[in-house]
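The values are calculated or read from the model by the stated rules, or taken from the named source; none is laboratory data. Values in this document were obtained by computation on a predicted structure and should not be read as measured data. The accessibility values were calculated without ligands, DNA or RNA, using every heavy atom of the protein model including side chains. Shrake-Rupley method; radii C 1.70, N 1.55, O 1.52, S 1.80 Å.
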Amino acid sequence: LEPGDATAGWLAAQIADEVEEPLREAGEAAERVRLIVRDLKTFSRAEEERYGPVDLRRVVEASLRMAWNEIRHRAQLIKEFGEVGRVHGSEGRLGQVLLNLIYNAAQALPDGNADKNEIRVITRRGAPGFSVIEVRDTGPGIPRDVLPRIFDPFYTTKPAGVGTGLGLAICERLVKAMGGTIEVDSEVGKGTSVRVTLREAQGHAPEM
């Protein structure tokens, strides 16, 4: 080979190496956008008020994808997906609830300390005929005297200008409309856990 040919080959290899990673990342980003657009259509579709069997795992995964940008700078995400059944409810409304709970968990944690904080999302069977989704964070927790008020409209523990205080109140209303319950456990300095329990759709066996 002529010296010029070797140099050209080396330059081509260098350019390929430099371009390959950005192209791969762009492809992954495009796929994330595609999934998010699909999830947005699911959450906003007109028939969301229709109730029926809902794939709980699918809604959880969609909610996590949509909230990922909020999570990734604040916490490590840990998924503990156990056996659950299809639940009775609305896919769109359940997505709204879970997205709100995940955002709340992320916003309870300081930005830039992802290696020191954790958001854990758990699905599991509850009492016979019920499935459970839990969102836990390792944030500062909620004082015991405040807990009874967290579902009150316009009440918030967030700083002024952050949030409206309506998120949990709306979540409670939506969960109750689906025949479920929402409960919060918290301890100052140890974090918060929000647990949503939903009735399984009749005739649908548990799924792994």
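In region 54-73, the residue that is most open to solvent (accessible area, probe 1.4 Å) out of those that are part of a loop (DSSP other than H, G, I, E, B) and within 15 Å of ASN113 (Cα to Cα) is ARG72.
Number of residues in region 77-99 that are closer than 18 Å to VAL175 by Cα and open to solvent by 40 Å² or more (accessible area, probe 1.4 Å) equals 4. When the test is whether a residue is open to solvent by less than 40 Å² (accessible area, probe 1.4 Å) and part of a strand (DSSP E or B), ILE102 does not pass it. Against the list (1) more than 21 Å from SER193 (Cα to Cα); (2) modelled with pLDDT of 90 or more, the condition GLN76 fails is (1). Taken as a whole, the structure leaves ALA127 outside the set of residues that are at pLDDT 90 or above and open to solvent by less than 10 Å² (accessible area, probe 1.4 Å).
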